[in-house]
Amino acid sequence: MKNYKFWFCTGSQDLYGDECLAKVAEHSKIIVEELNKSGAFPHEIVWKPTLITNELIRKTFNEANQDEECAGVITWMHTFSPAKSWILGLKEYNKPLCHLHTQFNEEIPYDTIDMDFMNENQSAHGGREYGHMVTRLGIERKIIVGHWENKKVWEQLSSWMYTAVGVMESSHIRVARIADNMRNVAVTDGDKVSAQMLFGWEVDAYPVNEAVEYVNDVKKGDVDALVEEYYSKYEILTEGRDEKEFRDHVAVQAQIELGLEKFLTEKNYHAIVTHFGDLGGMKQLPGLAIQRLMEKGYGFGAEGDWKTAAMVRLMKIMTDGKKDAKGTSFLEDYTYNFVPGKEGILQSHMLEICPTIADGPISIKCNPLSMGDREDPARLVFTSKEGEGIATSLIDLGDRFRLIINEVDCKKCEKPMPKLPVATNFWTPRPNLEVGAAAWILAGGAHHTAFSYDLTTEQMIDWADAFGIESVVIGANTDMRTLKNELRWNSVYYR
Ligand code: MN
């Protein structure tokens, strides 16, 4: 990823003289300096000279477009800035936009306030003039209100930065499809041309044996070294299997990991899909190998699910560098627990769950796959962290995309599942299983999800808004009748 920066542009005008403008510049410099010093932001904020003329505003926004490192512009109206001055610049600007609606002073200086002070510090007024124009132009932007030293404002601004990087990086996501979508499956398929037009995703198919050639070319010494790494890093649960045979099966996954990684690196892909029914010369379904690649930041979708693969990659980008991140993974709704008071959905997949979401020890097991005709694949087995997260599903409705976001509460399973040889997560969807699942199904959500502990609903909505697609939130306040109406109204708006 690039070393992204965000520009801080302050709006004003020359109505109040040079002394006022000098103070405006000084204030915005202090804000930028302090924000950068706070350590609360994932990227540097770059101060820009105060924008007071149509020409300068237009020039600055075009420079922001051109600057590859600029991931967005933060705008602040210190004083009144007549918004016709912003029209041409805003129209030509094509990156994420934030309107930081703040002012330099936190408190009204009751004892000293006079007309000069009010004229100088009138963002309450100038921000409305500017906001009107952005609305009239129909431009998406994040509006953040509050004093610039307030931690809540920092959190919002920081979250928006992660989202903005997601918007910028979306058009660099390239998905390698190793084999096609699973036959007869509907929800994992979709219009790749539309996805590229909208999100910028490049989705290309390769014959599986082209990837197998990379796997076969991996040197034995490299495989052995990686197996050693696995054996030192993970618990080895042979469960009565022959030690040597077990290690050989693990080595197959190590070879696949190295081969696929070389394939992806050489061809510049950031996400990959596989299909258990089309493995060509692969000896095993890539399990452990894919889990490790996901941990390294690659997106993944099973059974050819390129939309989820791209979303997993996107959400990994959107959480990159986040302190104390808890993890992001591909998941699948598998089995319910319907016991009253303990309701939830067991999340898993055949094999491919990212170890970033693991809680506690991670072990390697080797078991039959119950599907397909290959040898027993080695896989990483673990349970996942507790806490809130979001499960997302991007679906293609034929004429448009819809992003479904469900807020979920991840929990420990009530009891261990010693006979289940796959990684799992367990969650209760909000508002509860009954409404959460019904709402998800009504909205058309898939069985595959891109899941993260580290992103908020708001961030995903902002991402969807940036591309003009519908987002449907299923959360604490969801009720079926309101949701049904929302979907009906949306179907009119988004056609
Ligand atoms: Mn699946």
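Considering only residues that are away from the ligand (no atom under 16 Å from the Cβ), of a type in the set (A, V, I, L, M, F, W, C) and buried (at least 24 other Cβ atoms within 10 Å of the Cβ), which ones fall in the stretch 283-306?
Leu288, Ala289
Within the stretch 352-376, can you find the residues that are within 16 Å of the ligand (Cβ to nearest atom) and in contact with a helix residue (DSSP H, G or I) (Cβ under 7 Å, 6 or more places away or on another chain)?
Glu352, Ile353, Cys354
Within the stretch 313-325, is there a residue that is in contact with a Cys (Cβ under 7 Å, 6 or more places away or on another chain), more than 16 Å from the ligand (Cβ to nearest atom) and assigned by TED's automatic domain parsing to the domain that holds Val408?
No, there is no match, as no residue in the stretch 313-325 is in contact with a Cys (Cβ under 7 Å, 6 or more places away or on another chain), more than 16 Å from the ligand (Cβ to nearest atom) and assigned by TED's automatic domain parsing to the domain that holds Val408.
Hey, any hits in the stretch 126-142 for a residue that's surrounded by fewer than 20 Cβ atoms within 10 Å (Cβ to Cβ) and farther than 30 Å from Phe467 by Cα?
no
Taking the condition at pLDDT 95 or above, within 16 Å of the chain's Cα centre (by Cα), of a type in the set (Ser, Thr, Tyr) and within 30 Å of Gln255 (Cα to Cα), does Thr383 pass?
So Thr383 fails the test.
Yes or no, residue by residue, for (1) of a type in the set (D, E, K, R); (2) on the phi < 0 side of the Ramachandran plot; (3) part of a loop (DSSP other than H, G, I, E, B):
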| site | (1), (2), (3) |
| --- | --- |
| Val46 | no, yes, no |
| Glu55 | yes, yes, no |
| Ala64 | no, yes, no |
| Ser85 | no, yes, no |
| Asn105 | no, yes, yes |
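Quick one: how many residues across the stretch 66-78 are out of contact with any Ser or Thr (no Cβ under 7 Å at 6 or more places or on another chain) and either closer than 11 Å to Phe8 by Cα or in a strand (DSSP E or B) (or both)?
Number satisfying all stated conditions: 6.
Within the stretch 43-56, how many residues turn out to be closer than 23 Å to Val167 by Cα and buried (at least 17 other Cβ atoms within 10 Å of the Cβ)?
Matching residues across the stretch 43-56 total 5.
For the stretch 379-402, what are the residues that are assigned to a strand (DSSP E or B) and among the basic types (Lys, Arg)?
Listed by number, the residues that qualify are Arg379, Arg402.
Which of the strands (runs of 3 or more DSSP E) found entirely inside the stretch 278-351 contain at least 3 residues meeting this: over 27 Å from Asp204 (Cα atoms) and more than 19 Å from the chain's Cα centre (by Cα)?
It comes to 328-337, 344-348.
Identify the single condition in (1) within 21 Å of the chain's Cα centre (by Cα); (2) without any contact (Cβ under 8 Å) to a residue 24 or more places away in the chain; (3) within 16 Å of the ligand (Cβ to nearest atom) that Gly190 does not satisfy, given that it satisfies every other one.
(2)
The values are calculated or read from the model by the stated rules, or taken from the named source; none is laboratory data. Since we're looking at a predicted model, the values are computed, not measured. Positions of Cβ are generated from backbone atoms using ideal geometry, with glycine treated the same way; all protein chains shown enter the neighbour counts.
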